[in-house]
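I have placed the structure first, in the form of structure tokens, so that the comments after it can refer back to it.
The values are calculated or read from the model by the stated rules, or taken from the named source; none is laboratory data. Note that the coordinates shown come from a computational prediction; the quantities given were computed from them, not determined experimentally. Reconstructed Cβ throughout: ideal geometry from the backbone, glycine too, with neighbour counts over all protein chains shown. The accessibility values were calculated without ligands, DNA or RNA, using every heavy atom of the protein model including side chains. Shrake-Rupley method; radii C 1.70, N 1.55, O 1.52, S 1.80 Å.
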Amino acid sequence: MLSNVIGNEPLKTLMLRMLKRNRLPQSLIFEGTPGCGRRTLSRAVAAALLCSDPSNKGDACGLCPSCVQCAAGTHPDVVELPHDTERRLIKVETIREMIVEEAYRSPLLGERRVFLLPAIDRLNPQSCNVLLKILEEPPVGAWFLMSKPPGNMVLNTIISRSQVFRMQSLMQADLRQVFMRQGMDIGEAEQALQIAHGSHRGVRSGETGDAGQYPRQALHNLLENGLVLQSVNAIVEALPSKSSDEAVTDAAWQRMIARQWLDRLQSELRVELRESCQERTLRHIQHIQRLKGDITLNLPLRSVVEHIALGSQ
Ligand SMILES: [Zn+2]
């Protein structure tokens, strides 16, 4: 239901008004950074379009058989392109078989069919052209709810056939609500918020020179892909072997640099979390926080680096 979607209040109000007046464009694009709730909003709009007993505000009732099937992801008149986290290009055959051919078929339950196309920036030019044909003259009762990140020039032809609605990334209050829905109590949610909006201390330190080159790619690679020996080596080798400060031993210097790198990694993840509000990113930040403690405990640096990979689980 749209009323349950967190954030983007003005856009939700607009959607409801259009739904109620039966004025929702058949081809629309939600534009926003990944994680701002594009998919949740698309699904809620789909449910409202298909609901057999919509509220007087235009929202889905949440109770009719159609709403129940929408919530379970089993509605036969909702076709959703697979959400591909590896961001592979959408093949032209997929568009042809899943969207174009299906769009000309009659609905199975009611009078409408809804097609959800997440991340249409993954369309290649050929897929774009095939999709464009159906958007130019959409069959009666077919809606195409697409989404894309901001600023993509490739899709101009598609954009010109659709109405684009811009989404905001989640504000702090919305973020708190998202955390609580994920099962945190108010205390935990506050803590998570602090982590999400935490300081940028140490961001600029450890950039170059004596402090070595910050191995950004290798650090993120361990977090994303698990234990990759190459990345562990790259990080360990990037640590400076000699202290630039005679009062500090080489080992203590290495620890200090490693700590600065983890600080910086956390800051980067915080930016990511604010933009995308992913629980996974939050877990990464908490994981790195624990590792910083391990550095203080004098655990071997290589083992601390290897443990970064555990955050990927
Ligand atoms: Zn309903």
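Here are the numbers:
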item	result
Test set (1) more than 24 Å from Arg176 (Cα to Cα); (2) within 16 Å of the ligand (Cβ to nearest atom) - Val45 fails condition number	(1)
Test: residue in region 61-73 that is outside any helix (DSSP H, G or I) and under 25 Å from Ile120 (Cβ atoms)	yes
Pro34 being over 20 Å from Cys70 (Cβ atoms), part of a loop (DSSP other than H, G, I, E, B), in contact (Cβ under 8 Å) with a residue 12 or more places away in the chain and not aromatic (Phe, Trp, Tyr)	yes
Residues within region 53-80 that are under 14 Å from Arg113 (Cα atoms) and either surrounded by 19 or more Cβ atoms within 10 Å (Cβ to Cβ) or in contact with a helix residue (DSSP H, G or I) (Cβ under 6 Å, 6 or more places away or on another chain) (or both), tallied	7
Check on Ala103, over 27 Å from the mean Cα position of the chain (by Cα) and within 21 Å of Val45 (Cα to Cα)	yes
Boolean, His307 is open to solvent by 70 Å² or more (accessible area, probe 1.4 Å) and of a type outside the set (D, E, K, R)	yes
Positions within region 171-200 being assigned to a loop (DSSP other than H, G, I, E, B), at pLDDT 65 or above and of a type outside the set (A, V, I, L, M), in sequence order	Gln182, Gly183, Asp185
Lone qualifier among Val203, Val228, Val232, Val236 - being over 20 Å from Cys277 (Cα atoms) and at pLDDT below 75	Val203
Only one of Arg113, Arg105 that is under 23 Å from Val79 (Cα atoms), in the same structural domain as Ile6 (by TED's automatic domain parsing), without any contact (Cβ under 8 Å) to a residue 40 or more places away in the chain and in contact with an Asp or Glu (Cβ under 7 Å, 6 or more places away or on another chain)	Arg113
Qualifying positions in region 206-225 - open to solvent by less than 60 Å² (accessible area, probe 1.4 Å), at pLDDT below 90 and assigned to a loop (DSSP other than H, G, I, E, B)	Gly206, Gly212, Tyr214
Residues located in region 104-135, provided they are assigned to a helix (DSSP H, G or I) and in contact with a Lys or Arg (Cβ under 7 Å, 6 or more places away or on another chain)	Ile120, Asp121, Arg122, Ser127, Val130, Leu132, Leu135
Among (1) open to solvent by 40 Å² or more (accessible area, probe 1.4 Å); (2) at pLDDT below 90, the one test that Val140 misses	(2)
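Residue-wise test of (1) within 16 Å of the ligand (Cβ to nearest atom); (2) open to solvent by less than 10 Å² (accessible area, probe 1.4 Å); (3) in contact with a Leu (Cβ under 8 Å, 6 or more places away or on another chain).
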{"residue": "Met1", "(1), (2), (3)": "yes, no, no"}
{"residue": "Ile6", "(1), (2), (3)": "no, no, yes"}
{"residue": "Arg17", "(1), (2), (3)": "no, no, no"}
{"residue": "Arg23", "(1), (2), (3)": "no, no, no"}
{"residue": "Leu28", "(1), (2), (3)": "no, yes, yes"}
{"residue": "Arg38", "(1), (2), (3)": "no, no, no"}
{"residue": "Lys91", "(1), (2), (3)": "no, no, no"}
